[in-house]
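Note sheet for the following structure.
Derivation of every value follows stated rules applied to the coordinates shown; laboratory data play no part. On a predicted model such as this, the values are computed, not experimentally measured, just so you know. Quick reminder, even Gly has a Cβ in these numbers, built from the backbone with ideal geometry, and neighbours come from all protein chains shown.
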Amino acid sequence: MDILDLFQKGGPAMWPLAVLSVLALSVILERLWFWLRILNQEKEIVNRVLDAAQEDWDVAADIAKQATDQPIGRFLYAPLRLLKVDLETFRLALEATAEDELAGMRRGEKLLEAVIALSPLLGLLGTVLGLIHSLRSIRIGDLGTESTAGVTTGIGESLISTATGLIVAIVSLAFYRLFQSFLVNQVKVFRSAGNELELLYRQSPPEFSKSGSIAEATRDSFTPPRKPARNSFTKPPESPNVNDSLDPEQ
């Protein structure tokens, strides 16, 4: 029995199940490519940025900027591109960017949840409709005769939609849980990288950068030294006496 034959015998509920399966498959493939690309590169990006931040904040900002095609790169570059750098702003930039990136990582999550919830129900609906169609053709006088063999066959075929709905839901649920585990791991990675970057900032704030936005922030926040105050206890120079210039002896 091939797939097309099963699809036809499954009844009208097979069409919405086919649509849901295609949507779920597209989301699964897209998310798999997304997570494989992230997991292969993010550790290297974090190490390079943190190592550079220990020596030169400008170099760290350049490395993070080059990695902005990755969520972890955008996360680390967010506080380094600000025009005004202070501890509170540094931390707020990390937190806001982490929320945005983690929200983007949940893309497709709602669709998979809908597929998981709807697929078994559609399969059950197809089975009920098949049973109604099969039982409607049964007559009391035909019970126990060979004419009821076709009815039992129809009942068996009506269960195809239920099996299909369960298969679609189970596969979608498995990948949904896998993506959830990846997301939880990303929360840990973001928190660890953010804490280490903030610790480096506390130990050596980027006040001596020579170029880039961090240097501009340093220049903007620079306060010129005050002029030395005049000592009130210093005796002012004496002015020449007018009477001395009028002394007749001179």
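Ranking Tyr77, Ile3, Gln54 by Cα position along the charge dipole of the range 1-99, where only Lys, Arg, Asp and Glu carry charges on their C-beta atoms, puts Ile3 farthest toward the positive end. Pairs of alpha carbons in the range 1-145 separated by more than 21 Å make up 64% of all such pairs. Overall, the ratio between the Cα radius of gyration of the range 1-40 and 2.2 N^0.38 Å, rounded to two decimals, is 1.68. With q set to 0.22, 0.26 Å⁻¹, the log10 of I(q)/I(0) for the range 17-73, from the Debye formula over equal scatterers at the Cα positions, is -0.79, -0.94. Shape annotation for the range 56-142: C-alpha extents along the principal axes are 92, 24, 13 Å, from largest to smallest.
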